[in-house]
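**Q** Below is the structure I would like to discuss, written out as structure tokens.
FYI, it's all coordinate maths here, none of it is from the lab. Since we're looking at a predicted model, the values are computed, not measured. Here Cβ is always computed from backbone atoms with ideal geometry, including for glycine, and neighbour counts include all displayed protein chains.
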Amino acid sequence: MFEVITKYNKEIFCKCYRVYYKVFGRYNTKRTSLLLIIYFSLATVNLILGIIKPEIFHTIYASIFFYILSFVFLFSLVTMSDKGIERKVDRIFNKNPNMDLVKKYIFNEENFVSINGQNSPTYLDYTSIVHLEIIDEYIIILLKNKKFIALKNSDELISFLQTKNLNVK
């Protein structure tokens with residue numbers, strides 16, 4: 001049994017969001033690039049039809065709409081750089097200035113428990129772990145419900161998590 005206490009601050013949130021967008025962005029990039037290609041091709045077809053047969057296709061608003069959508073998707077891929085992540089975390093901390101959380105994690109053989117400041121436990125299973133990454137002095141764990149956990153790095157905890165045979169993608 002392991003017991004780890006983590007105090008979350010801006011630095012830890014930035015590290016966790018970097019890992020989060022790196023892992024989940026990998027899955028969203030394929031979908032976003034396909035949508036970008038579809039929107040751009042629809043806009044081009046609509047624009048060409050508007051020029052060639054204006055009596056059938058009276059407006060080019062649809063092509064402008066699809067071009068704008070393709071630029072929005074292209075812009076969304078660029079915004080999650082390191083500076084974009086820092087701005088997002090800064091906005092979150094500006095809205096909630098007392099956002100420094102202290103959480104306690106207890107790792108058992110069959111599951112692990114997350115306890116926040118109000119002593120309300122959340123029981124999680126090891127199968128809910130999607131990704132595990134070690135950054136600096138922290139172990140960052142991404143869960144299936146698109147949440148993350150940051151733990152202080154220790155060799156005993158790493159070897160314990162490796163014995164769990166996690167199906168980490």
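**Q** Scaled to the compact-protein estimate 2.2 N^0.38 Å, what is the alpha-carbon radius of gyration of the chain, rounded to two decimal places?
**A** 1.45
**Q** So what is the calculated 222 nm ellipticity per residue for the chain, using -39500 (n - 2.57) for each DSSP H run with n of 4 or more, over all residues, to the nearest 500 deg cm²/dmol?
**A** Dividing the helical sum by the residues of the chain leaves -17000 deg cm²/dmol.
**Q** Enumerate the amide H contacts of residue 153 below 5 Å, restricted to partners 5 or more residues apart or on another chain; note that Pro and chain-start residues carry no placed amide H.
**A** The list, which skips near neighbours in sequence, is 138, 139.
**Q** Something else: So for each of 32-42, 9-19 I average, over its residues, the number of other beta carbons within 10 Å; can you give me the resulting order with the highest mean first?
**A** 9-19, 32-42
**Q** Connecting C-alpha atoms closer than 10 Å in a GNM of the chain, tell me which of 50, 25, 84 has the biggest fluctuation.
**A** 50
**Q** Here is a further query. So what's the angle, to the nearest 10 degrees on a 0 to 90 scale, between helix 82-95 and the longest Cα principal axis of the chain?
**A** 70 degrees
**Q** Residue 152: which lysines have alpha carbons under 26 Å from its alpha carbon, excluding same-chain residues fewer than 8 sequence positions away?
**A** Those lysines meeting the cut-off are 7, 10, 15, 22, 83, 88, 103, 104, 144, 164, 169.
**Q** For a quick check: with amide H placed at 1.01 Å from N, whose amide H comes under 5 Å from residue 131's, ignoring anything fewer than 5 positions away on the same chain?
**A** When sequence neighbours closer than 5 places are left aside, the close amide H contacts are 142.
**Q** ³J(HN,Hα) across the range 131-148 via Karplus (A = 6.51, B = -1.76, C = 1.60, θ = phi - 60°), whole Hz, x for Gly/Pro?
**A** Computed from phi, the couplings for the range 131-148 are 8, 9, 9, 9, 10, 6, 9, 10, 9, 9, 10, 9, 9, 4, 7, 6, 10, 9 Hz.
**Q** If you bin every alpha carbon distance in the range 1-46 into 5 Å steps from zero, what whole percent lands in each bin?
**A** Bin by bin from 0 Å, the calculated values are 5, 17, 13, 13, 12, 12, 9, 7, 5, 4, 2, 1, 0.
**Q** Right, another one. Over the chain, what is the relative contact order in percent, taking alpha-carbon pairs closer than 8 angstrom and at least six residues apart?
**A** The normalised contact order for the chain reaches 27 percent.
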